[in-house]
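A.B. asks: So that we are looking at the same thing, I have put the structure below in structure tokens.
The values are calculated or read from the model by the stated rules, or taken from the named source; none is laboratory data. The shown structure was predicted, so the numbers you read here are calculated from the model rather than taken from an experiment. Glycine also receives a Cβ, built like all others from the backbone with ideal geometry; neighbour counts cover every protein chain displayed. Heavy atoms of the whole protein, side chains included, go into the accessibility calculation; ligands, DNA and RNA do not. Shrake-Rupley method; radii C 1.70, N 1.55, O 1.52, S 1.80 Å.
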Amino acid sequence: MLASKSYRFSKPFRKNNSLCALQVDQPFSLIGKKQIKKVSHVPYALSQQASNQALEVIRNESTQILQGLQSTIVSRNEAVERPEAVKQIQQNLKDKLKYSIANLQKGLVERDTEVRLLLLATVAGEHILLIGPPGTAKSEVGRRLSRFVKCNYFERLLTRFSVPEELFGPLSMRALEEDRYVRQTRGYLPEAEVAFIDEIFKANSAILNSLLTLLNERLFDNGSSRDKVPLVTLVGASNELPEGEELEALFDRFLLRRRVSQVTPAGLSQMLSYFGNGVSNGSGISNHVNNGIGNNNEVKESSGFGLGLGRSISPSSPSSSNLAQAKLSLHDVRECRRQALKTVRVPESILQSIVDLRDFLQTKLEPPVYVSDRRVLKAMQLLQVAAFCDNRSEVNAFDLLILQHVFWRQPDQAAAVAEWLTSQLTVDFGAKQIQFLLSALFARVCKVGGGGVGGGGGGGLT
């Protein structure tokens, strides 16, 4: 007859015709042949107390097992309900993007596309480059991002005489005394989460070596150690395209590229009316959340980063108590990218269109445009993020229009990419859909043609 096992249990056996018990002081998980040792020989009657203790231990462990099973069941139920949780994440993110788009455009004319691309680069964890002549609000657009994303922000204007200390921090004097080459990075680019660098192509070779690794691998070589950096997105601005092979690698680090041009005559009239009537506070930004130019405070409902041809919505301004919740957080950004890559499907037709587009650019366009494998992969992930922000679980053909801001080397080539993509949409969707697009475009042109403060404020990504 065997007694129940426990932390201290008794195993009866006979020795010299006397029923005795072997007492063992070990938990179940630790019991092994080498751990069992005979403590004493006691009459079997005395082992009943140990048996009672064993029953109590078994009862407690059974309770723990049941609790563990209940936790497992709850976890599985949560896994089943996960699609609903993902939808909630999508909706919250879309609401925040609407608020950010509406308020990033305050005081800006015909910069809707730049604002949307800026936010798309942020939630996708990529970098964006703004190229254009001076005085086209490139710097203003880049700086505004830090006001609507809760982050550590870094900004710097480069010149031909800029030194690495301006970006990466000064050398530590104390470390030099110990024969260590270490920089004090606090408050500089290696510890920034969002950064804006103006005239980025004026970076010299001393800056480029560290900047390339930081942008692509998110790593910074500080002395003998290679540290991870928290950088989410970097906004670069320049008045001209890079010249020289040494800058080609830096140019390739920017997945999204946008040429910023002067405003149209209608937009110029709108801007002059805005500043001439004293609406601005002098910095190009309205004093109140709901103030702006024309309908720039409206957000297109059709898509977070799509064509922008849906009906306009004037988002409500959150109260000061809810302002922090309305801003994008780094958690929102990371969760958006993670869920997008995990849940958004890319149909075979979209993948084939991307392959055909690269083939067109590299073999049929003059001059050819080289598109690296890395850029193609990142472009596909960018489409997934754009679809996720629009509450969709699948990339559609209209998302491909974003690629006109990805696959070009010279700004004029963006038009060729857009033309090729439009031709594919014509083939895939037929005349009915194109008629809808033309009708929406015609309505927008008529609205802009009305002039004045009520005029349009720059289209979507088309």
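A.B. asks: Which chymotrypsin sites (Phe, Trp or Tyr not before Pro) in the stretch 79-186 sit in a loop by DSSP (not H, G, I, E or B) and have at most 13 other Cβ atoms within 10 Å of their own Cβ? Display every interim value, and only then the final one.
C.D. replies: Values: sites: TYR99, PHE148, TYR153, PHE154, PHE161, PHE168, TYR181; in loops: PHE161, TYR181.
Sites meeting the loop and neighbour criteria: PHE161, TYR181.
A.B. asks: Can you tell me the FRET efficiency between PHE275 and THR426 if r is taken as the Cβ-Cβ distance and R0 is 35 Å, rounded to the nearest 0.05?
C.D. replies: So, using R0 = 35 Å, E works out to roughly 0.25.
A.B. asks: While we're on this one: Net charge within 10 Å of SER329 by Cβ-Cβ distance, Lys/Arg positive one each and Asp/Glu negative one each, not counting SER329 itself? If you can, show how the numbers build up before the last one.
C.D. replies: Numbers: positive: LYS96, LYS150, LYS327, ARG334; negative: ASP332, GLU335.
Residues near SER329 contribute +2 overall.
A.B. asks: For the stretch 329-375, what does the accessible surface come to per residue with a 1.4 Å probe? Please give it in Å². Intermediate values should be presented prior to the final figure.
C.D. replies: Details: 2760 Å² over 47 residues.
Per-residue value: 59 Å².
A.B. asks: Moving on. Non-local amide H neighbours of ASN152 (under 5 Å, H modeled in plane, Pro and chain starts lacking H): which ones?
C.D. replies: GLU193, VAL194
A.B. asks: Could you list the GluC sites (Glu not before Pro) in the stretch 188-244 that lie in coil according to DSSP, counting only those with at most 13 other Cβ atoms within 10 Å of their Cβ? Let's see the in-between values first.
C.D. replies: On the way: sites: GLU191, GLU193, GLU199, GLU217, GLU240, GLU243; in loops: GLU193, GLU199, GLU217, GLU240, GLU243.
Passing both the DSSP loop test and the Cβ count: GLU217, GLU240, GLU243.
A.B. asks: I've got another one for you. Report the calculated FRET efficiency for VAL346 and GLU246 (r = Cβ-Cβ distance, R0 = 45 Å), to the nearest 0.05. Don't skip to the end; give the middle numbers.
C.D. replies: Values: r = 35 Å, r/R0 = 0.78.
E(calc), rounded to 0.05, equals 0.80.
A.B. asks: Hey, can you grab everything whose amide H is under 5 Å from the amide H of GLY107? Only 5+ residues off in sequence or another chain; H modelled, so Pro and N-termini drop out.
C.D. replies: Hits under the 5 Å cutoff: SER286, ILE293.
A.B. asks: Give me the net charge for the shell around LYS202: Cβ to Cβ below 14 angstrom, other residues only, Lys and Arg +1, Asp and Glu -1. Don't skip to the answer; put the middle values down first.
C.D. replies: On the way: positive: ARG156, ARG160; negative: GLU166, ASP198, GLU199, GLU240, GLU243, GLU246.
Every neighbour counted, the sum reads -4.
A.B. asks: Please give the peptides 351-359, 251-259 ranked by average Cβ packing (other Cβ atoms within 10 Å per residue), highest first, as a rough proxy for protection.
C.D. replies: Working: 351-359: 15.4, 251-259: 20.1.
Highest-to-lowest ranking by the protection proxy: 251-259, 351-359.
A.B. asks: Please work out the Cα convex hull volume for the stretch 159-219 and give it in Å³ per residue.
C.D. replies: Numbers: hull volume 5.8 nm³, N = 61.
Dividing the Cα hull volume of the stretch 159-219 by its residue count gives 95 Å³.
A.B. asks: Express in nm, to one decimal, how much length is gained between ASN209 and ASP95 on full extension, taking 0.36 nm for each residue of separation and deducting their alpha carbon distance. If you can, show how the numbers build up before the last one.
C.D. replies: Numbers: separation 114, 0.36 × 114 = 41.04 nm, distance 3.93 nm.
My answer for the length gained is 37.1 nm.
A.B. asks: List the residues, sorted by chain then number, that are 5 or more residues from ARG183 or on another chain and whose placed amide H is less than 5 Å from its amide H.
C.D. replies: SER172, GLY223
A.B. asks: Let me ask another. Extension gain HIS331-GLN184, at 0.36 nm per residue separation less the Cα-Cα distance, in nm? If you can, show how the numbers build up before the last one.
C.D. replies: Details: separation 147, 0.36 × 147 = 52.92 nm, distance 2.66 nm.
Length gained, HIS331 through GLN184: 50.3 nm.
A.B. asks: Can you give the FRET efficiency for GLN362 and GLU166, using 1/(1 + (r/R0)^6), R0 = 51 Å, r = Cβ-Cβ distance, to the nearest 0.05? Numbers along the way, then the final one.
C.D. replies: Working: r = 38 Å, r/R0 = 0.74.
The formula returns an efficiency of 0.85 here.
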